[in-house]
Amino acid sequence: MTELTKTLELKLVDPNAHKRRKLRETREAYQHALQDAFNQNCTTQTEANDVVVNYDLSGYAKNALKKYVPQLTTTYNAGELQDDHPVRFTNEGIRFDHKPENAIEWYVKIPHHEDYHLWMPAQPNPEQRDWLEAVNAGDAKMGESQLFERDGTWYLHVTATRDVGERSEMSAEKLTPIGVDIGEASLVTVCHRDDHGSPTAPELWADEGKTVRRLRKTYFTATRRLQTRGSERIAESFGDDLWNQIDDMFHRVTREVVVYAESVENPVLVLEDLTYIRESMDYGEYMNRRLHGWGFAKLHAQIRYKAVEKGIPVETANPRHTSKECHVCGEVGYRPRQATFTCTNDACWMGEYQADVNGAINITDRYLSGESHSREHENDDDSAEDGGRLTAPQDSHADAKTQQETRGTYAS
Ligand SMILES: [Zn+2]
């Protein structure tokens, strides 16, 4: 096991005037306390504590200052303070919450005064979704965080650390690809080919697909009813409970996917590339699937970080027609029923096949044909990619507009 550390970048989404004022108050108090402790040349945590304790700040900011000021005065021997220091908080100060049903899915708790904090919607860097899922599940540890404003936009950067398993240096040809299909009928389907190239050991999480559909339906019906009655608060706590149930199930399923991979010799998990999903699907297929974009992104992110924990490589493949082509002859077929794929090629021996397994094998074969790529090298690229758009339901015009406004840079 080795430890991997990363700075998670979040942009705070359109704070209202009240919240902006609170953020500025925190920053002002923090900077005054910092300046004060610096001017008094505090070289120990105790000295710094005696100064910062008088300021109207949360304990998380004060504790961060106690550590930071002696570093400035002793280690760096700074003559004067640069202005524009980010507000630092110790690790316990920040909390995340995930509401996949909202256009802005992530919420972050930011300390303000001693007993007062702000919950704010935040847009994370979509490339770091696996990290957020890990933090949210308690599988990554948070370190110090920094709050700052740039060009009128507020950002929060959070340091996070997680364990990464040893990865064997196996050449790509020797790896056994396992296709992971995320779908409607079966929530997740995995399959791979044996030494002779025959599809083997398909595993389907079909009951879970049913349960998720039922929970989502319950959620949307019930919250609509509660909202029309004006019970926003009840609707929200009801929603939290249902989404937590879904998230728990997602975590169990993604753990089991990784256990499946561990049972295969030299495995590589192959996921559909979310960034291609929209452009490679026809309209109907896209409309169908985009409603479940949050599910795709969440499951992918959880599989990603859990696989990496076990040292299992993850690759992505172009998802074009993976659910529509016959895995034997490549002909585009059709689905007479949700769970059945029918090949229309008379010369093909395959008549009907389980549709999700057919999809999973096609994903497996994309890796074998070289139509896949590792995302590893892109990880350092901070640009927001299309994948981010698919992480939230985009059911209304208003949502789409919010998405427009909140995409973009993740200042670092
Ligand atoms: Zn066929």
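At-a-glance table
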| read-out | value |
| --- | --- |
| Proxy reagent accessibility, fewest Cβ within 10 Å first, across V158, V53 | V53, V158 |
| Over 20 Å (Cα to Cα) - which of K141/K310; K210/K324; K62/K99; K6/K62 fall in this group | K210/K324; K62/K99; K6/K62 |
| Sorted by Cβ density within 10 Å, fewest first, the residues W349, W205 | W349, W205 |
| Separation in nanometres of the label points that stand 7 Å from Cα toward Cβ, at H321 and Q227 | 3.9 nm |
| If the convex hull is drawn through the Cα atoms of the range 2-164, its volume per residue in Å³ | 125 Å³ |
| Under-5 Å amide H pairs with G311, H placed in peptide plane, nonlocal only | G165 |
| Other-chain or far-sequence residues with amide H under 5 Å of V13's (modelled H) | A122, Q123 |
| Lys, Arg +1 and Asp, Glu -1 on Cβ, resulting dipole of the range 172-380 about Cα centre, debye, nearest 20 | 1100 debye |
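Throughout, read-outs are computed from the coordinates displayed, never taken from laboratory work. Keep in mind the model is a prediction, meaning the values are calculated, not measured. Cβ atoms come from the backbone with ideal geometry, glycine included; neighbour counts cover every protein chain shown.
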